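Just below is one structure, and these are the notes that go with it.
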């Protein structure tokens, strides 16, 4: 069962990317541009060009945030790794954006009951 699906089945990667770029645009919610652009003339306001906005967030940034949030909630690395479909090594190296103090707090929280 796909995490994101449509009535036609699994959503295409490109469609998901475009949706995320569009939904993370501040002007999408504020109806004003934080970059002092005119919304009527801005090329980044269309669905197909939303990634051109300087403050757009990529799907990978959301993935990193989700992995870090899971790890900060004391979800074991192996569980997060399986859920996010990433190896534990890659998770540590590229996706877990926790600071050293956050990592220390995780260890302390996990070990306090042992």
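Looking across region 44-89, the residues that are in contact with a helix residue (DSSP H, G or I) (Cβ under 8 Å, 6 or more places away or on another chain), without any contact (Cβ under 8 Å) to a residue 12 or more places away in the chain and within 20 Å of residue 26 (Cβ to Cβ) come down to 49, 52. Just one of the numbered conditions (1) at pLDDT 85 or above; (2) part of a helix (DSSP H, G or I) is not true of residue 29: (1). What's the total number of residues in region 72-91 that are under 18 Å from the mean Cα position of the chain (by Cα) and modelled with pLDDT under 85? Of the residues in region 72-91, 1 are under 18 Å from the mean Cα position of the chain (by Cα) and modelled with pLDDT under 85.
Among the criteria (1) buried (at least 16 other Cβ atoms within 10 Å of the Cβ); (2) under 18 Å from the mean Cα position of the chain (by Cα); (3) not in a helix (DSSP H, G or I), the one residue 22 does not fulfil is (3). What's the number of the only condition in (1) at pLDDT 85 or above; (2) surrounded by 15 or more Cβ atoms within 10 Å (Cβ to Cβ) that residue 15 fails to meet? It fails just one condition, (2).
The values are calculated or read from the model by the stated rules, or taken from the named source; none is laboratory data. None of these values were measured; they are calculated from a predicted model. No Cβ is skipped: glycine too gets one built from the backbone with ideal geometry, and neighbour counts run over all protein chains shown.
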